[in-house]
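Heads up: the structure comes next, in structure tokens.
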Amino acid sequence: MTTKRQIKKLLEEVASSHDDLLVRGTFLIVAPLRHVLRSISIDRSWDADYPRFHWHIGHAFNPTGSLQGLCPDIFWVPKGAPRLWSDPGFTQTVVETFNQRILPMLRRVQTIEDMFHVEGEPRSDEYDGWLNHHEPYRIHILAALGRFEEAIPIYERIKDWHLTMKNWWQPRFERASRLGALVAAGDRSAVATLLHQWEEEFATRNDLLSIYERTPFPLELQP
């Protein structure tokens, strides 16, 4: 139980009733993809008959990002409702949960600023931690918003960290340092170009070009 085939069938049933949903593997993606990724995923738990559900939000201009966004945030079907694949009425319960609770919440998140104001489901400390404290993500987001004066001190603190890293964090910090150098130089055009490049690469890497819409970053709309 909780096979990829089961998951795909359930996600496709949800997507069939909406014109802004796309299924990619075990993920249901909300379209369009501009600067923010919004998705739902289904995974197996310790019990093959008991799936787990997560919502995901993250910036699409993350050069090392995935469909999981910032992190997986778990949600549950209503208490007392069917929650096992083998329970009668399980599929209907899941579809209703997605349609009534999770999708409306994700659809409200349309801008980078909206990522800071997610409402409707409990938001984990992990989500807030990645969003508000992880240095590479802070540099990405502050640069995209045109808040260079806030991004520069973070860049100055971490700009050389990647030189001594020998783990999977190294590419993340190296790219953040590359962007931070452009921010520190005040080169708004180069910052925007790099962010657009990363966003298009994200869409390509995750097979989302069909829903990707290139749009200006806030920094490009500032006088």
Where in the stretch 103-179 are there helices (runs of 4 or more DSSP H), lying fully within it, with 3 or more residues that are more than 22 Å from H196 (Cβ to Cβ) and not hydroxyl-bearing (S, T, Y)? 103-108, 125-133, 148-158
Look at S86 and say whether it is modelled with pLDDT under 95, out of contact with any Ser or Thr (no Cβ under 7 Å at 6 or more places or on another chain) and polar (S, T, N, Q). yes
Residue under question is R147, and the condition is that it be open to solvent by 30 Å² or more (accessible area, probe 1.4 Å), out of contact with any helix residue (DSSP H, G or I) (no Cβ under 8 Å at 6 or more places or on another chain) and at negative phi; does it hold? yes
Search result, residues across the stretch 150-161 that are in contact with a helix residue (DSSP H, G or I) (Cβ under 6 Å, 6 or more places away or on another chain) and at pLDDT 95 or above: E150, A151, I152, I154, Y155, I158, K159
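Residues are listed down the side, and each one gets a yes or a no for (1) over 30 Å from P216 (Cβ atoms); (2) in contact with a Leu (Cβ under 7 Å, 6 or more places away or on another chain):
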| site | (1), (2) |
| --- | --- |
| I7 | yes, no |
| H18 | no, no |
| L21 | no, yes |
| L28 | no, yes |
| P32 | no, no |
Go through the stretch 10-24 and give me each residue that's free of Cβ contacts under 8 Å to residues at least 24 places away in the same chain and charged (D, E, K, R). E12, D19
Tell me yes or no: at least one residue of the stretch 80-95 is open to solvent by 50 Å² or more (accessible area, probe 1.4 Å) and either closer than 21 Å to D128 by Cα or part of a strand (DSSP E or B) (or both). no
Which residue, of E200, E174, is modelled with pLDDT of 95 or more and touching a strand residue (DSSP E or B) at 6+ places or on another chain (Cβ under 9 Å)? E200
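A quick yes/no check of all residues on (1) in contact (Cβ under 8 Å) with a residue 24 or more places away in the chain; (2) under 28 Å from R24 (Cβ atoms):
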site	(1), (2)
G180	yes, no
S189	no, no
Y212	yes, yes
P218	yes, yes
Members of the stretch 2-27 that are at positive phi and not β-branched (V, I, T): G25
Starting from residues that are assigned to a loop (DSSP other than H, G, I, E, B) and touching a helix residue (DSSP H, G or I) at 6+ places or on another chain (Cβ under 7 Å), keep the ones in the stretch 187-223 and report whichever is least open to solvent (accessible area, probe 1.4 Å). F217
Limited to the stretch 1-21, what total is found for residues that are open to solvent by 20 Å² or more (accessible area, probe 1.4 Å) and in contact with a helix residue (DSSP H, G or I) (Cβ under 7 Å, 6 or more places away or on another chain)? 2
How many residues of the stretch 25-77 are assigned to a strand (DSSP E or B) and either in contact (Cβ under 8 Å) with a residue 60 or more places away in the chain or open to solvent by less than 40 Å² (accessible area, probe 1.4 Å) (or both)? The answer is 22
Taking Y137 as the residue in question, decide whether it is aromatic (F, W, Y), under 22 Å from the mean Cα position of the chain (by Cα) and surrounded by 19 or more Cβ atoms within 10 Å (Cβ to Cβ). yes
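The values are calculated or read from the model by the stated rules, or taken from the named source; none is laboratory data. Predicted, not measured: the structure shown is a model, and the values here were computed from it. Virtual Cβ from ideal backbone geometry, glycine too; neighbours counted across all protein chains shown. Protein only, heavy atoms only, side chains kept; ligands, DNA and RNA dropped before computing areas. Shrake-Rupley method; radii C 1.70, N 1.55, O 1.52, S 1.80 Å.
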